[in-house]
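The values are calculated or read from the model by the stated rules, or taken from the named source; none is laboratory data. All of these numbers come straight from a predicted model, not from anything done at the bench. FYI the Cβ positions are ideal-geometry reconstructions off the backbone, even for glycines, and counts take in every protein chain you see.
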Amino acid sequence: MARALTNTSPPSVQRAIVQSRYGEAGDVLSFSASHPVTPPSPTQVQVRVHAASINPIDWQMIEGNRSLLVSRPFPFVPLFDLAGVVVAVGDAVTRFKVGDAVHADNKKDGGGASEFANVEQDLVSPKPESVSFAEAAAIPLAAQTALLALEKGGVGEGSRVCVVGASGGVGSFAVQIAKALGAAHVVGVCSGKNEWFVRSLGADATIDYTSTKPHEAIRDRSMHAVIDSVGGREQWVEAQKILKPGGKFVTISRDEDGKVTVGSALSMIWTILGRKLGSFVGDRIGYVPVFLDASHGLLDRVDEMVEAGKVEVHLGARYEFGLEGVVGAIEQGKMGRTVGKSVVELVPDEATGRTSASRVVSEGGAHGR
Ligand SMILES: NC(=O)c1ccc[n+]([C@@H]2O[C@H](COP(=O)([O-])OP(=O)(O)OC[C@H]3O[C@@H](n4cnc5c(N)ncnc54)[C@H](OP(=O)(O)O)[C@@H]3O)[C@@H](O)[C@H]2O)c1
């Protein structure tokens, strides 16, 4: 039985964007004005969603690219990253109460594209007070991944780090978190049009990947870690030319994008094993694939950096809730040109008097609303 505020109890139905089968977002998502609101389980909080953010995993899961590994129950409400206000809590919930402003990567259940989402309390953190709901929604998945990748890369005081894909969701957090962890020198690899943005995040240097390979700019093997958010064999090949002996290549992406099949999964395992074995010989360059398992512990640590002003949220495109907005946001994400983070707003921050403090990325390809 869930405990809820009697005067603000959620309704029995809600507005939601619902997925009915696997396929492209424009084909398989539809708007429902009467999607059921289910009560939270004993360990869940129910969140009135104010904003959700977009990640590549959203379109990948909608299209069924990972259906071999994780099957999705239909109907399903997409978007994992969300921020909002707790409106009900399960009986076993101890960390939150009705009225708390929170955010989370609702890693299994999604629900960001609906008015009310149930989230396991272990995934939820209090929303940092210094950010708006839209900004808070942009943090969980990308920033947790960035922190985890940097930790796996051993990044700390005095480190020299190269972030590949520095202008995207994970990369833009990785540049800032690397500096917050004490990195002495951070190089961001991005396209020329986004170099200004990556510099503004605190990168000490940038490399335009459209004209220059990392080893052509970093001429010695001086990097302790390369954090790769782009993927492809060439990132691994290139990293070995700029990493110190014993340095670490941390990747959150695969060599090949697309649907995971039995063949591609076996090939990926084979590739990972081969590269990992290679790290025991020669220059002992570590090959470290990272897969986020979201938790409030990681998110709390990112939030501390946000509250301390060491990490800022940079919103790219902002979309209004509705079928057009959600499909548009997911399709834009699929193009792989996102600068900062894109968000969908269900309750605009202006409506709650919480306008975004961060600037909207307006140069370099993203659109402010
Ligand atoms: N393993 C995990 O747990 C995990 C977690 C989160 C994300 N991921 C994966 O990580 C990847 C990145 O996620 P994201 O959220 O950061 O994506 P995103 O926000 O869509 O970022 C895309 C960025 O990559 C840049 N880019 C594209 N090609 C590049 C290249 N060759 N060199 C440098 N930059 C390049 C783009 O900039 P330009 O437009 O300037 O090219 C854009 O800013 C995705 O494949 C995602 O699925 C994995």
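Summary of computed values
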{"read-out": "Residue within the range 78-88 that is of a type outside the set (S, T, N, Q), part of a loop (DSSP other than H, G, I, E, B) and out of contact with any helix residue (DSSP H, G or I) (no Cβ under 9 Å at 6 or more places or on another chain) present", "value": "no"}
{"read-out": "Residue list for the range 233-266, restricted to those being more than 23 Å from residue 212 (Cβ to Cβ), within 13 Å of the ligand (Cβ to nearest atom), among the charged types (D, E, K, R) and surrounded by fewer than 16 Cβ atoms within 10 Å (Cβ to Cβ)", "value": "256, 257"}
{"read-out": "Close pairs (9 angstrom Cβ cut-off, 6 or more residues apart or separate chains): outside the structural domain of residue 229 (by TED's automatic domain parsing) in the range 167-196, within 13 Å of the ligand (Cβ to nearest atom) and among the polar types (S, T, N, Q) anywhere", "value": "none"}
{"read-out": "Every residue from the range 42-61 that is among the polar types (S, T, N, Q) and either more than 13 Å from residue 99 (Cα to Cα) or within 17 Å of the chain's Cα centre (by Cα) (or both)", "value": "43, 44, 53, 55, 60"}
{"read-out": "Candidates 288, 302, filtered to the one that is at pLDDT 95 or above, outside any helix (DSSP H, G or I) and within 16 Å of the ligand (Cβ to nearest atom)", "value": "288"}
{"read-out": "Residue that is surrounded by fewer than 19 Cβ atoms within 10 Å (Cβ to Cβ), of a type in the set (Ser, Thr, Tyr), in contact with a strand residue (DSSP E or B) (Cβ under 9 Å, 6 or more places away or on another chain) and part of a strand (DSSP E or B), where the choices are 41, 32", "value": "32"}
{"read-out": "Members of the range 51-73 found to be part of a loop (DSSP other than H, G, I, E, B) and touching a Phe, Trp or Tyr at 6+ places or on another chain (Cβ under 9 Å), listed by number", "value": "54, 55, 63, 64, 65, 67, 72"}
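Quick grid of which residues meet (1) in contact with a strand residue (DSSP E or B) (Cβ under 8 Å, 6 or more places away or on another chain); (2) crowded, with 24+ Cβ neighbours inside 10 Å; (3) on the phi > 0 side of the Ramachandran plot:
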site: 170; (1), (2), (3): no, yes, no
site: 177; (1), (2), (3): no, yes, no
site: 182; (1), (2), (3): no, no, yes
site: 188; (1), (2), (3): yes, yes, no
site: 204; (1), (2), (3): yes, no, no
site: 208; (1), (2), (3): yes, no, no
site: 212; (1), (2), (3): no, no, no
site: 221; (1), (2), (3): yes, no, no
site: 231; (1), (2), (3): yes, no, yes
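Residue by residue, here is whether (1) within 20 Å of the chain's Cα centre (by Cα); (2) farther than 15 Å from residue 228 by Cα holds:
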residue: 168; (1), (2): yes, no
residue: 171; (1), (2): yes, no
residue: 196; (1), (2): no, yes
residue: 206; (1), (2): no, no
residue: 214; (1), (2): no, no
